[in-house]
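Everything below concerns the one structure shown next.
The values are calculated or read from the model by the stated rules, or taken from the named source; none is laboratory data. In this text, all values refer to a predicted model and were calculated from it rather than measured experimentally. Cβ atoms come from the backbone with ideal geometry, glycine included; neighbour counts cover every protein chain shown.
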Amino acid sequence: MAAYTRFPGVYAFILVRQDPPGIILFDTGGLGSGRIIYNAMKANGLNPDDLKAVAITHWHADHTGGLAELAKMLDPASKPLKVYMGDKDIILMLDRKPHKLVIHPNLHIPVAYMPGRTPPPEDAEFIPLTPGSDENPLSDWDIEYIPTPGHTPGHTSYLHRPTGSLFSGCGLSLIGKNTVGIHFMSTDHKKALESARMLAKTDFTYHWPVHWGINMAKIPRDKRVPVRKDAVFWTYRILGFYPLFRYPAT
């Protein structure tokens, strides 16, 4: 289930596990989105206190801004809420300082980003996800975490194997009608493109990006048509988008 959060153009995603019962949330939107997500769960017949975990793709405020508010609203018996995030991004989240992103591969426009509010230890427990580790803290959810650095140093995407659902954060986006790629807004453009190309080849069926829009079409690997570099439209180049593949309209 997708929840459209208060921050413009940002989604959070809710995944319900039947056995054992529980809810995991992917990202939390911007400031003020915690209550929106809480109410969205109630409106769809879910008990918000069944929320067991939050998987954060990266530390930026438009993805972590609703975390503290949401965690505070939960029943004390449900706390601390487990919050999973790439190890390098947890450091940036807790650092509470602005860090620079660069927009556009050619214009190189610097922009300062802040993290969302950090919940107190009694409300949330941060669990680092380490690239290359043999341990997967999300295995009980049948979720594989995929390090996708570039947009941020510790950016992480998540793959729910049973449903084939890829929660890509800013690692891969729907940038046009049936076109998937990235928007160059990164700490490292080269790594962001490498991560996006890797994700584009991943075995998933449904793609749930956080920005620009979502499409519920099935897009298994055999339906993805790579976009040649020499065929990239001038509009994409001007906007700083880089398309990677297209898929048939349904």
Hits in the range 14-45 (condition: in a loop (DSSP other than H, G, I, E, B), in contact (Cβ under 8 Å) with a residue 24 or more places away in the chain and in contact with a helix residue (DSSP H, G or I) (Cβ under 9 Å, 6 or more places away or on another chain)): Pro21, Asp27, Thr28, Gly29, Gly30, Leu31, Gly32
Do we find that Ala196 is assigned to a helix (DSSP H, G or I), hydrophobic (A, V, I, L, M, F, W, C) and surrounded by 12 or more Cβ atoms within 10 Å (Cβ to Cβ) in this structure? yes
Could you tell me which numbered condition Cys170 fails, if it satisfies all but one of (1) of a type outside the set (Val, Ile, Thr); (2) out of contact with any strand residue (DSSP E or B) (no Cβ under 6 Å at 6 or more places or on another chain); (3) farther than 20 Å from Gly29 by Cα? (3)
Would you pick out the residues in the range 135-181 that are over 14 Å from His211 (Cβ atoms) and hydrophobic (A, V, I, L, M, F, W, C)? Leu138, Trp141, Ile143, Ile146, Leu159, Leu166
Scan the range 94-141 residue by residue and report those that are under 19 Å from Ser168 (Cβ atoms) and either surrounded by fewer than 14 Cβ atoms within 10 Å (Cβ to Cβ) or of a type in the set (Gly, Ala, Ser) (or both). Asn136
Can you find a residue in the range 156-163 that is over 20 Å from Thr64 (Cα atoms) and surrounded by 22 or more Cβ atoms within 10 Å (Cβ to Cβ)? yes
Test result for Ile14, over 16 Å from the mean Cα position of the chain (by Cα) and over 26 Å from Asp95 (Cβ atoms): no
Considering residues of the range 40-63 that are among the polar types (S, T, N, Q) and at pLDDT 95 or above only, the residue surrounded by the most Cβ atoms within 10 Å (Cβ to Cβ): Thr57
Assigned to a loop (DSSP other than H, G, I, E, B) and under 17 Å from Asp89 (Cα atoms): is that true of Gly213 in this structure? no
Consider Lys100 carefully, then state whether it is assigned to a strand (DSSP E or B), out of contact with any Cys (no Cβ under 9 Å at 6 or more places or on another chain) and among the charged types (D, E, K, R). yes
Scanning the range 122-157 residue by residue, those in contact with a Pro (Cβ under 7 Å, 6 or more places away or on another chain) and in a loop (DSSP other than H, G, I, E, B) turn out to be Glu122, Asp123, Pro131, Asp142, His155
Selection from the range 158-177 of residues under 16 Å from His63 (Cα atoms) and either outside any loop (DSSP other than H, G, I, E, B) or not small (Gly, Ala, Ser) (or both) yields Tyr158, Phe167, Ser168, Gly169, Cys170, Leu172, Ser173
Of those in the range 55-81 that are among the hydrophobic types (A, V, I, L, M, F, W, C), part of a helix (DSSP H, G or I) and closer than 16 Å to Met41 by Cα, the residue nearest to the chain's Cα centre (by Cα) is Leu67
Could we say that Ile109 is aliphatic (A, V, I, L, M), within 30 Å of Asn215 (Cβ to Cβ) and modelled with pLDDT of 95 or more here? no
